[in-house]
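Just below is one structure, and these are the notes that go with it.
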Amino acid sequence: MAAVESHQILIGTPITSHSFNRDRTELAISPNSNEVNIMQKQGSSWNVIHTLADHDKLVTCVDWAPNTNRIVTCAQDRNAYVWTWAPETQSWTPTLVLLRINRAATHVRWSPKEDKFAVASGARLISVCYFEQENDWWVSKHLKKPIRSTVLSVDWHPENILLAAGSSDMKARVFSGFIKGIDAKASSEVWGQKLPFGTVCGEFPAGGWVHSVAFSPSGNAIAYCAHDSTVTIATGPTQPIYVIQTNTLPFVSLFWASEFAIVVAGHDCAPYMVLNNGSQWQLTPKIDNGKKKEVSGNSAFNKFKQMDTRAQQNTDVELNSTHQNTITCVRPFVGTPDRVTHFSSTGVDGQLVIWDLLSAGIANLRL
Amino acid sequence: MSNTLRPYLAAVRSTLTAAMCLENFGSQIVERHNKPEVEARSSKEVLLTPVIISRNENEQVLIEGSINSLRISIRIKQSDDIERILCHKFTRFLMMRAENFVILRRKPVPGYDISFLVTNFHTEQMYKHKLVDFIVVFMEEVDKEISEMKLSLNARARIVAETYLLQFS
């Protein structure tokens with residue numbers, strides 16, 4: 001599959017996290033610092049138009065709510081802010097969120113209806129935050145038991161109630177994030193009938209730290225990738241889990257492209273897909289054509305010159321893939337949640353790459 | 001003897017490639033801190049099982065990993081007293097300049113001759129595969145360096161002795 005476009009947004013600095021707005025004209029990134037850059041596509045390159053600089057420590061995650069046009073950012077300084085666009089001043093104004101955590105925040109996601117969001121933290125808990133009209137700020141409720149270690153990632157169920165969380169105590173769990181006053185009734189055929197806030201609907205083991213979790217588009221299954229290079233799919237609290245062992249380096253980010261296809265990416269510097277061919281899930285070969293090596297005329301001359309002056313045997317420093325370092329974040333770019341056609345990825349090399357899922361000839365999978 | 005070198009280095013290389021999958025991890029114990037977990041050793045669940053790769057009882061590599069850092073300790077082959085002294089002086093020379101080395105640790109882990117500490121900040125700035133290449137080449141080269149130093153030491157000792165005894169002949 002071809003990378004449709006790749007942009008070197010930052011040179012020598014990793015992109016910790018990225019999120020697009022609804023029409024994909026603007027991009028919010030965390031450039032491995034205390035600031036968040038809002039970039040706009042001008043011509044064929046991305047330029048910084050705003051900088052949000054309220055955090056004191058590394059911003060670990062940004063999420064842009066497409067419909068309400070709000071950005072939530074969380075950082076290692078134990079804070080999160082919700083930024084709203086103020087047209088009068090043409091700037092983003094922050095609202096403090098009372099997370100009440102005493103360790104770093106690691107991950108944040110808006111719920112599908114965008115009335116609440118969940119923040120994963122190193123305080124061994126998840127803060128589910130909602131807006132309190134009377135006091136004009138965001139308040140939180142904590143999901144604590146039975147989490148024993150830093151929560152590394154969270155993802156919401158499409159019906160706005162359930163929350164999946166992956167943690168470094170090597171477990172993936174599904175919680176109920178039902179908030180009285182914001183949500184209507186809470187129940188699901190697959191995950192449980194009565195779901196008051198804090199119910200653990202399912203707890204699934206893994207062989208290593210669970211880096212990323214995601215609900216399927218229907219919400220009936222979750223997928224998670226762990227540090228033992230496995231991708232696991234769980235379809236409900238009582239069903240057995242399906243584990244796919246891979247011989248690649250561990251994956252750190254994943255999302256469902258359809259009910260039968262999952263895109264995973266991580267330390268191997270290229271995205272892969274996990275496809276369901278009816279009866280079993282399988283990992284496909286990596287979906288990256290790789291860089292075309294330009295063979296110049298005097299490459300042999302240069303090679304021996306390197307050996308003579310610098311005693312270097314091989315001059316190949318670049319990897320044979322579009323990303324030159326770990327991919328840290330993959331997100332759907334174009335398409336509906338149950339039929340994603342393009343996705344974006346950012347990594348430690350500072351590149352943003354947009355990938356095309358259809359051109360890889362993945363027409364044989366049931367989309 | 002040297003037919004164990006290639007598999008030894010291949011095992012070290014593949015273990016290092018797997019262990020160098022690091023990410024930023026804020027401390028769970030102290031707020032607002034970010035420490036290499038392999039050095040702090042405060043939370044057991046974020047540490048990986050240490051792996052020892054031995055070529056023989058005199059040459060070993062200990063690789064301790066964690067979620068945001070990696071410690072590599074090497075025991076260099078030292079077969080006699082001269083080599084022990086040379087190795088000690090050589091590693092001491094390197095370790096006193098550990099700041100320029102970036103990934104070198106100032107003190108070796110007890111039981112080993114030299115140690116490296118690689119954190120997620122290093123893997124963000126440098127290519128992981130080149131870091132692995134560096135460590136493997138270092139392991140190959142340090143043996144050659146010490147043998148060379150020993151040879152030149154013996155050669156000099158012989159020349160000095162000859163020149164001194166010449167005055168008595």
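For segment A:55-69, which positions are closer than 17 Å to A:Leu96 by Cβ and touching an Asp or Glu at 6+ places or on another chain (Cβ under 9 Å)? Matches in segment A:55-69: A:His55, A:Asp56, A:Lys57, A:Val59. When you scan segment B:25-46, do you find a residue that is farther than 30 Å from A:Ser229 by Cα and of a type in the set (Phe, Trp, Tyr), even just one? Looking for residues that are farther than 30 Å from A:Ser229 by Cα and of a type in the set (Phe, Trp, Tyr), one finds none in segment B:25-46, hence no. Among the residues here, A:His50 does not qualify as touching a Phe, Trp or Tyr at 6+ places or on another chain (Cβ under 8 Å), open to solvent by less than 40 Å² (accessible area, probe 1.4 Å) and either under 22 Å from B:Asn24 (Cα atoms) or of a type outside the set (D, E, K, R) (or both). Quick one: in segment A:55-67, which of the residues that are within 14 Å of another protein chain (Cβ to nearest Cβ) and in contact (Cβ under 8 Å) with a residue 24 or more places away in the chain is most open to solvent (accessible area, probe 1.4 Å)? For segment A:55-67, the residue satisfying everything is A:Lys57.
Per-residue answers, yes or no, for (1) within 14 Å of another protein chain (Cβ to nearest Cβ); (2) polar (S, T, N, Q); (3) under 24 Å from A:Asp77 (Cα atoms):
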position	(1), (2), (3)
A:Thr25	no, yes, no
A:Asn34	yes, yes, yes
A:Asn47	no, yes, no
A:Ala53	no, no, yes
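When you check B:Val160 against the structure, is it open to solvent by 50 Å² or more (accessible area, probe 1.4 Å), modelled with pLDDT under 95 and over 23 Å from B:Ala11 (Cβ atoms), yes or no? For B:Val160, the condition - open to solvent by 50 Å² or more (accessible area, probe 1.4 Å), modelled with pLDDT under 95 and over 23 Å from B:Ala11 (Cβ atoms) - is not met. Does segment B:21-50 hold any residues that are in a helix (DSSP H, G or I), within 12 Å of chain A (Cβ to nearest Cβ) and not basic (Lys, Arg), and which are they? Result: B:Glu37, B:Glu45, B:Val46.
Please enumerate the residues belonging to segment A:75-98 that are out of contact with any Pro (no Cβ under 8 Å at 6 or more places or on another chain) and not in a loop (DSSP other than H, G, I, E, B). Hits for segment A:75-98 are A:Ala75, A:Ala80, A:Thr84, A:Trp85, A:Ala86, A:Ser91, A:Trp92, A:Thr93, A:Pro94, A:Thr95, A:Leu96, A:Val97.
The residues of segment B:134-149 that are farther than 15 Å from B:Ile74 by Cα and open to solvent by less than 70 Å² (accessible area, probe 1.4 Å), listed by number, are B:Ser147, B:Met149. Within segment A:110-124, the set of residues being within 14 Å of another protein chain (Cβ to nearest Cβ) and part of a strand (DSSP E or B) comprises A:Val119, A:Ala120, A:Ser121. Here segment A:147-168 is the region considered, the condition is being within 14 Å of chain B (Cβ to nearest Cβ) and surrounded by fewer than 20 Cβ atoms within 10 Å (Cβ to Cβ), and the residue that is farthest from the chain's Cα centre (by Cα) is A:Arg148.
Among residues of segment A:68-93 that are without any contact (Cβ under 8 Å) to a residue 12 or more places away in the chain, those with a beta-carbon under 9 Å from a residue that is open to solvent by less than 30 Å² (accessible area, probe 1.4 Å) and small (Gly, Ala, Ser) at least six positions away or on a different chain give the pairs A:Thr93/A:Ala86.
Please work out if B:Ile76 is in contact with a Phe, Trp or Tyr (Cβ under 7 Å, 6 or more places away or on another chain) and surrounded by 20 or more Cβ atoms within 10 Å (Cβ to Cβ). It is false that B:Ile76 is in contact with a Phe, Trp or Tyr (Cβ under 7 Å, 6 or more places away or on another chain) and surrounded by 20 or more Cβ atoms within 10 Å (Cβ to Cβ). Here A:Ile101 fulfils each of the conditions (1) crowded, with 19+ Cβ neighbours inside 10 Å; (2) in a strand (DSSP E or B) apart from (2). Just one of the listed residues (A:Cys225, A:Cys201) is within 14 Å of another protein chain (Cβ to nearest Cβ) and surrounded by 19 or more Cβ atoms within 10 Å (Cβ to Cβ), and it is A:Cys225. Looking for something at negative phi, in contact with a Cys (Cβ under 9 Å, 6 or more places away or on another chain) and within 14 Å of chain A (Cβ to nearest Cβ) - is there at least one such residue anywhere in segment B:146-158? No, segment B:146-158 has no match at all.
Residues in segment A:125-137 that are surrounded by fewer than 22 Cβ atoms within 10 Å (Cβ to Cβ) and part of a strand (DSSP E or B): A:Tyr130, A:Phe131, A:Glu132, A:Trp137.
In the set B:Ala18, B:Ala11, only one residue is touching a strand residue (DSSP E or B) at 6+ places or on another chain (Cβ under 6 Å), of a type in the set (Gly, Ala, Ser) and either surrounded by 14 or more Cβ atoms within 10 Å (Cβ to Cβ) or assigned to a helix (DSSP H, G or I) (or both); that residue is B:Ala11.
Considering every residue within segment B:49-56, establish whether at least one is in contact with a helix residue (DSSP H, G or I) (Cβ under 6 Å, 6 or more places away or on another chain), crowded, with 17+ Cβ neighbours inside 10 Å and under 26 Å from B:Asn154 (Cβ atoms). Within segment B:49-56, one or more residues are in contact with a helix residue (DSSP H, G or I) (Cβ under 6 Å, 6 or more places away or on another chain), crowded, with 17+ Cβ neighbours inside 10 Å and under 26 Å from B:Asn154 (Cβ atoms). Every condition in (1) over 20 Å from A:His211 (Cα atoms); (2) outside any strand (DSSP E or B) holds for B:Ile53 except the one numbered (2). Hey, any hits in segment A:270-280 for a residue that's hydroxyl-bearing (Ser, Thr, Tyr), part of a loop (DSSP other than H, G, I, E, B), surrounded by fewer than 17 Cβ atoms within 10 Å (Cβ to Cβ) and away from every other protein chain (no Cβ under 14 Å)? Yes, some residue in segment A:270-280 is hydroxyl-bearing (Ser, Thr, Tyr), part of a loop (DSSP other than H, G, I, E, B), surrounded by fewer than 17 Cβ atoms within 10 Å (Cβ to Cβ) and away from every other protein chain (no Cβ under 14 Å). The single condition from (1) modelled with pLDDT of 95 or more; (2) in a helix (DSSP H, G or I); (3) open to solvent by 60 Å² or more (accessible area, probe 1.4 Å) that B:Asn3 fails is (1).
The values are calculated or read from the model by the stated rules, or taken from the named source; none is laboratory data. Note that the structure is predicted; figures quoted are calculated from it, not measured. Reconstructed Cβ throughout: ideal geometry from the backbone, glycine too, with neighbour counts over all protein chains shown. The protein model used for the area step is the full one, side chains on, heavy atoms only, and it has no ligands, DNA or RNA in it. Shrake-Rupley method; radii C 1.70, N 1.55, O 1.52, S 1.80 Å.
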